[in-house]
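For reference, the structure is listed below as structure tokens.
The values are calculated or read from the model by the stated rules, or taken from the named source; none is laboratory data. Please read all numbers here as calculations on a predicted model, not as lab measurements. Ideal geometry is used to build each Cβ from the backbone, glycine not excepted, and the neighbour counts take in all protein chains shown. Protein only, heavy atoms only, side chains kept; ligands, DNA and RNA dropped before computing areas. Shrake-Rupley method; radii C 1.70, N 1.55, O 1.52, S 1.80 Å.
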Amino acid sequence: MATPTTPERPAQDSHQSQKSKTTTQAPRNLVAETQQNQDLASSREALRKDTCEADVIETKLLLETIYGKLIDVADIRAKLEETQVLSVNGWDALYDSETKSYLPSKSSKYKDAAFGGLATIFQQCIEAAGIRETGCIVQCSVHGPETKFPNNTRPDATLHLTESSFKWTRGVQIDHSAVCLYVEFKKQNNPKNFEDDASKLLWNAHHRFRSDPCCRFVCGLTIENTTARFWHFSRATVLVSKPFDIIEKPDKLIHIFVGSARAKSPAELGFDPTITCITKDPKTLERHYAIQVSDNKDKEENLLDKKNLPGVHTFITHRTISNYRAVGIRSRGTWVWEAIEENQQDTIVVIKDVWIDADREVEGAILEHVRDTLKNSPNELQFFLEPLCHGCVLIDGERDLTQPLLSSTGTTSFIYSNKPASSQDPTTG
């Protein structure tokens, strides 16, 4: 009999967890259904309806929640001004000598070239912050039309891990799995361009979540001329900052770049250190993972002792059984694999990785209660697999939680063809 292990991730109180309902019929997943027909427009429209809207957060509050306070931002800005890469007129890397303008809207270049200086600005910011390039785990790349991403996606730019198995060079097929921040930009600032940037950013974040179980959260940046917004996507909610000007308020852009560059580990940028991609089948392109499960099953989930953390089991996946519920951004993000325990080839197990509400009993414990109730009814007991180990995912000894709700000043709907998103229960799993 297959033996399940269940790593679970509690989501803090959020829009999704507040809407959670128990039902015997699986909710309809719009995105998953339309993905099958290969109609890009329909898939994007379904994703917009599935995600519905984003909560608008004060920019400083959102940036400090994600990256922490940048207490030396004034010193960094002073160094940038001293080296004349930043002035009251704008960023030198965005200057167009032909039109003699720092504004992308007045650039004579196509948008990829007009914003091509973003990679240079990133480098200048981390140098001004005293971050050595060899000690930085992320880099910035601006992607032209030659760059190929899978699934009809091509972000305009990305912040991504430097140590990756994927080659970040033009003309090469690359992947979403190393990205920690997506950037979409337009030369002109108007509602239509913001709508297009937001929808493309949503599409990229969607593929980051649906294709990679290692994704805990991912960030984004949209820029129309010099008006920017910072985004944060998690399984619980979508957050967006109030708009800010990258010339008039350069501290915000500095905060994003330096905050990302100062990350000491990929976990700080949204990557799950308990799941590692170890191989990729060249024929099926299916990935295999080494998954660590912290066995908390004999302890209360909210009473973990940091001095005596639970034991860890490592499993190697053979195939993906299901990732249907990982399609939606705000969802349970459920992945199920067939696997074996490391160094033990004789027992096949089933691993289920899922986000749950913070106040919900973990699935492994529920399964144990059911089996205990049916221990004298073998005919019924045979349909319920025996838990080998289970527990909440731990990151640096702490339960892996989505960001807490921040004080929202309103919402931004994802709009297509000037039609506002219809009201919809955002719970998809």
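When residues of the range 333-373 are filtered for being crowded, with 16+ Cβ neighbours inside 10 Å, of a type in the set (Val, Ile, Thr) and free of Cβ contacts under 8 Å to residues at least 60 places away in the same chain, how many remain?
Qualifying residue count for the region: 1.
Every residue, every condition in (1) open to solvent by 30 Å² or more (accessible area, probe 1.4 Å); (2) aliphatic (A, V, I, L, M); (3) touching a Pro at 6+ places or on another chain (Cβ under 8 Å); (4) at pLDDT 95 or above, yes or no:
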position: Val56; (1), (2), (3), (4): no, yes, no, no
position: Ile71; (1), (2), (3), (4): yes, yes, no, yes
position: Ser101; (1), (2), (3), (4): no, no, no, yes
position: Lys111; (1), (2), (3), (4): no, no, yes, no
position: Gln123; (1), (2), (3), (4): yes, no, no, yes
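Conditions (1) farther than 18 Å from Glu53 by Cβ; (2) in contact (Cβ under 8 Å) with a residue 60 or more places away in the chain, marked per residue:
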{"residue": "Ser199", "(1), (2)": "no, yes"}
{"residue": "His207", "(1), (2)": "yes, no"}
{"residue": "Pro213", "(1), (2)": "yes, yes"}
{"residue": "Arg216", "(1), (2)": "yes, yes"}
{"residue": "Ile223", "(1), (2)": "yes, yes"}
{"residue": "Phe230", "(1), (2)": "no, yes"}
{"residue": "Phe233", "(1), (2)": "no, yes"}
{"residue": "Thr237", "(1), (2)": "no, yes"}
{"residue": "Ile247", "(1), (2)": "yes, yes"}
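Can you name every residue in the range 218-227 that is surrounded by fewer than 23 Cβ atoms within 10 Å (Cβ to Cβ) and within 18 Å of Thr412 (Cβ to Cβ)?
Looking only at the range 218-227, we keep the residues that are surrounded by fewer than 23 Cβ atoms within 10 Å (Cβ to Cβ), and these are 225-227.
Thr227 - this is the single residue of the range 218-227 that is surrounded by fewer than 23 Cβ atoms within 10 Å (Cβ to Cβ) and within 18 Å of Thr412 (Cβ to Cβ).
Which pairs do you get when a residue that is closer than 23 Å to Ile246 by Cα and in contact (Cβ under 8 Å) with a residue 12 or more places away in the chain, found in the range 121-138, comes within reach of a residue that is open to solvent by 50 Å² or more (accessible area, probe 1.4 Å) and among the basic types (Lys, Arg), reach meaning Cβ atoms under 6 angstrom, with the pair 6+ apart or on two chains?
From the range 121-138, the pairs are Ala128/Lys79.
Can you tell which of Asp75, Asp92 is free of Cβ contacts under 8 Å to residues at least 60 places away in the same chain and touching a Ser or Thr at 6+ places or on another chain (Cβ under 9 Å)?
None of the other options fit; the residue is Asp92.
How many residues are hydrophobic (A, V, I, L, M, F, W, C) and either touching a Phe, Trp or Tyr at 6+ places or on another chain (Cβ under 6 Å) or open to solvent by 60 Å² or more (accessible area, probe 1.4 Å) (or both) when one looks only at the range 73-99?
Number of matching residues: 3.
Check the range 32-47 and report whether any residue there is more than 27 Å from Ala267 (Cα to Cα) and either in contact with a Pro (Cβ under 9 Å, 6 or more places away or on another chain) or modelled with pLDDT of 95 or more (or both).
For the range 32-47, residues more than 27 Å from Ala267 (Cα to Cα) and either in contact with a Pro (Cβ under 9 Å, 6 or more places away or on another chain) or modelled with pLDDT of 95 or more (or both): absent.
For the range 217-263, which residues satisfy the criterion of being closer than 22 Å to Ile329 by Cα and part of a loop (DSSP other than H, G, I, E, B)?
Arg235, Ala236, Thr237, Lys242
Please go through (1) of a type in the set (S, T, N, Q); (2) assigned to a helix (DSSP H, G or I); (3) surrounded by 14 or more Cβ atoms within 10 Å (Cβ to Cβ) for Gln139 and return the number of the only condition it doesn't satisfy.
(2)
Which pairs do you get when a residue that is open to solvent by less than 20 Å² (accessible area, probe 1.4 Å), found in the range 269-281, comes within reach of a residue that is of a type outside the set (A, V, I, L, M, F, W, C), reach meaning Cβ atoms under 6 angstrom, with the pair 6+ apart or on two chains?
Pairs found: Gly270/Arg216; Asp272/Arg216; Thr274/Gln292; Ile275/Pro213; Ile275/Tyr289.
Look at the range 332-382 and say how many of its residues are among the hydrophobic types (A, V, I, L, M, F, W, C) and assigned to a helix (DSSP H, G or I).
Number of matching residues: 5.
Return a yes/no flag: does the range 167-179 have any residue that is crowded, with 20+ Cβ neighbours inside 10 Å, assigned to a strand (DSSP E or B) and at pLDDT 90 or above.
yes
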